[in-house]
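Input: a single structure, listed below in structure tokens.
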Amino acid sequence: MTYNRIQYIDALKFIAIFAVIAIHVFSLNTDAEILHFKINTFHQIFRFAVPIFLMITGALFLNKHINLKEYFKKRFNRVIYPLIFFSILLFVFFKNTEFLYYYWYAWMMIGVLFTIPIINKFIQNSTEKEIEYYIIVFVFFSIIQQVFTIYNIKYALDITFFITPVSYLILGYYLSIKEFKSPSKIILISLVVFVISTICKIKFGSFIFNNSFHTYLDLSLFQILQSTAIFLIIKYLYSSKEGIFKSINNLLNYPLINKIILSISKSSYGMYLIQHPLIYSIIKPEFVKLSLSGSGTLILSIIIIICVFLISWIIIMILGKIPYLNKLIGYY
């Protein structure tokens, strides 16, 4: 099973891997504040990262003909073998299994990959209205789960079937096929939704998330809105030809920009796997020793995010050019 490169999908991968790194760097410091906000809460701005990766998976692999033998062969090559390779490599260098904990997304994806052929049949045999029904139920039960848990309401209603990574797959597929008449309006509305949902996540997100879901994956209403907004913004920036969005569209289609986005997109899984030792074994021990002001911590965090992003990209890009090794480092 193959797919042609889709520009906005590659751009979403670019943004999502940057967001993953930002989450981990902002989470390092628990004390520094700026404007009465703890800097570690800024990771809420970027919590869309994993949902976006799941939504991309749904957009690319749902409603496709799947040959099970070919499908699992390619998924093992692209997901499981790199995970095994980096896990062994990091154990050899750092002598511990702590990184298996940080690789929760990769382990979750293994479960998702086994689910896709089943969910694919549902998508292939569903109308657009039936898919919309599923998404509405997903959002509704996400809210219900939060309310029940926050107010400690005892219930026997099992709604966890709808509040899973699979729901982000279906949401991503739906947004990829849904076409709206005015791309510029969708971008503006999505920007407003993103800002409002992000502010809510910074102010309330930690409480709502920690008290609602027994998972590392954020399935709260704010997260659904934030992730949906990012997906639509990037999708329609590649099709909008009006006003300032036309200039952005031209910039995104500039050959050099296209080439960089594509390279980082192809490197994104390897970057995810390699950034953990850079952040947690090399940077964190030194970072936590520093005694900086809030503004100093924020500036240093931004510098670290950019450096880890670039270093991870360069390493994976170089390794991706080496025959045989490129199959083990998640470059595709």
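Worth a mention:
- Of all residues in the range 301-315 being within 14 Å of I261 (Cα to Cα) and free of Cβ contacts under 8 Å to residues at least 60 places away in the same chain, the one that is surrounded by the fewest Cβ atoms within 10 Å (Cβ to Cβ): L310
- F61 crowded, with 20+ Cβ neighbours inside 10 Å, among the aromatic types (F, W, Y) and at pLDDT 90 or above: yes
- Residue in the range 284-299 that is assigned to a helix (DSSP H, G or I), modelled with pLDDT of 90 or more, on the phi < 0 side of the Ramachandran plot and buried (at least 22 other Cβ atoms within 10 Å of the Cβ) present: no
- On the stretch given as the range 316-332, residues that are crowded, with 16+ Cβ neighbours inside 10 Å, out of contact with any Leu (no Cβ under 7 Å at 6 or more places or on another chain) and among the β-branched types (V, I, T) total 1.
- Criterion (charged (D, E, K, R), in contact with a helix residue (DSSP H, G or I) (Cβ under 7 Å, 6 or more places away or on another chain) and assigned to a helix (DSSP H, G or I)) met by exactly one of K64, K13, K74, K69: K13
- K266 fulfils the conditions (1) in contact with a helix residue (DSSP H, G or I) (Cβ under 7 Å, 6 or more places away or on another chain); (2) in a helix (DSSP H, G or I); (3) closer than 25 Å to I304 by Cβ except for a single criterion, (1).
- The range 49-58: number of residues that are open to solvent by 10 Å² or more (accessible area, probe 1.4 Å) and either farther than 22 Å from G320 by Cα or not in a helix (DSSP H, G or I) (or both): 1
- Annotation note: of L100, L157, the sole residue that is within 19 Å of Y216 (Cβ to Cβ) and over 18 Å from the mean Cα position of the chain (by Cα) is L100.
- Taking the range 82-181 as the region of interest, none of the helices (runs of 4 or more DSSP H) fully inside it holds 3 or more residues being open to solvent by less than 30 Å² (accessible area, probe 1.4 Å), in contact with a Cys (Cβ under 8 Å, 6 or more places away or on another chain) and in contact (Cβ under 8 Å) with a residue 12 or more places away in the chain.
- G270 fulfils the conditions (1) more than 30 Å from R5 (Cα to Cα); (2) small (G, A, S); (3) out of contact with any Asp or Glu (no Cβ under 7 Å at 6 or more places or on another chain) except for a single criterion, (1).
- Filter result for I186 (farther than 19 Å from N125 by Cβ, in a helix (DSSP H, G or I) and free of Cβ contacts under 8 Å to residues at least 24 places away in the same chain): no
- Subset of the range 211-256 (residues that are within 14 Å of L12 (Cα to Cα) and surrounded by fewer than 19 Cβ atoms within 10 Å (Cβ to Cβ)): Y238, L252
- When each of Y216, Y236, Y133, Y168 is tested for being at pLDDT below 85 and among the aromatic types (F, W, Y), the lone residue that passes is Y216.
- Residues of the range 316-328 that turn out to be in contact (Cβ under 8 Å) with a residue 60 or more places away in the chain and either farther than 19 Å from H276 by Cα or part of a helix (DSSP H, G or I) (or both), as a count: 1
- Within the range 4-29, the set of residues being among the aromatic types (F, W, Y), under 18 Å from I306 (Cβ atoms) and more than 11 Å from the chain's Cα centre (by Cα) comprises just one member, F26.
The values are calculated or read from the model by the stated rules, or taken from the named source; none is laboratory data. Note that the structure is predicted; figures quoted are calculated from it, not measured. Here Cβ is always computed from backbone atoms with ideal geometry, including for glycine, and neighbour counts include all displayed protein chains. Accessible surface is based on the protein model in full, side chains and every heavy atom, while ligands, DNA and RNA are left aside. Shrake-Rupley method; radii C 1.70, N 1.55, O 1.52, S 1.80 Å.
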